[in-house]
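Quick notes on the structure that follows.
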Amino acid sequence: MAWDEWEQLKAEAASGGAPHMQLNQLDPGSGPVRPAPDPGQYGELRANQTDLANIGSHAFDLYNDLWDKGRRAVPASESAAGVLSKGGFALGSALQHVALRWDEQLGSLRDACAHISNHMTVTKKLHADDDHYIRRQMSSIDVLDAGFDERVGKPGEPNSVYGEKDDKKGKKD
């Protein structure tokens, strides 16, 4: 664009003579203003081990199906592209390009499925480890609480949480 033309367009825009672009939108003053939704009203995200295992399994199945079924078109397309190119048709190189792009995109999609499958496996293991850790911590707290709880044994009798006293050693079990 020449400099003179640019200056002319700027002058037209400043004078209001040129048409202006206007985006379609709701007038700011019309309609009720809606508050943002409270995230708590939708509940909490919950995923149990079965859900995670199912997602990982489906991603793994999709990964395998993409290789088995998604790749079928590539050899036939490459072969057809070669025949068309040898025959002098420009469509041959275009078909070769499509086959190459299809193969690249198929690889990217398979990588994504493998990533999801692996991530679900790792997530499942991490959450299982966390669950076991929490159970261990909670069970040790229960034993500790029971040791201080007078309701565990009858008043005046030894608390059964600590085990029986060994008379030979003078120690408790």
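The values are calculated or read from the model by the stated rules, or taken from the named source; none is laboratory data. The shown structure was predicted, so the numbers you read here are calculated from the model rather than taken from an experiment. As a convention, Cβ positions derive from the backbone with ideal geometry for all residues, glycine included, and neighbour counts pool all protein chains shown. The protein model used for the area step is the full one, side chains on, heavy atoms only, and it has no ligands, DNA or RNA in it. Shrake-Rupley method; radii C 1.70, N 1.55, O 1.52, S 1.80 Å.
For residue 61, what accessible surface area do you get with a 1.4 Å probe? Give it in Å², rounded to 10.
Taking all protein chains as shown, residue 61 has close to 70 Å².
With +1 on each Lys and Arg Cβ and -1 on each Asp and Glu Cβ, and nothing else charged, work out how big the dipole of segment 71-132 is about its Cα centre, in Debye to the nearest 20.
In total the dipole reaches around 380 debye.
Excluding residue 103 itself, calculate the net charge of residues whose Cβ lies under 11 Å from the Cβ of residue 103, where each Lys or Arg counts +1 and each Asp or Glu counts -1. Don't jump to the answer; show the numbers that get you there.
Working: positive: 71, 101, 110; negative: 78, 104.
Once positives and negatives cancel, what remains is +1.
Sort 68-80, 115-127 for me by packing, meaning the mean count of neighbouring Cβ atoms within 10 Å per residue, highest on top. Working shown, then result.
Numbers: 68-80: 12.9, 115-127: 14.9.
So the peptides 68-80, 115-127, ranked by packing, come out 115-127, 68-80.
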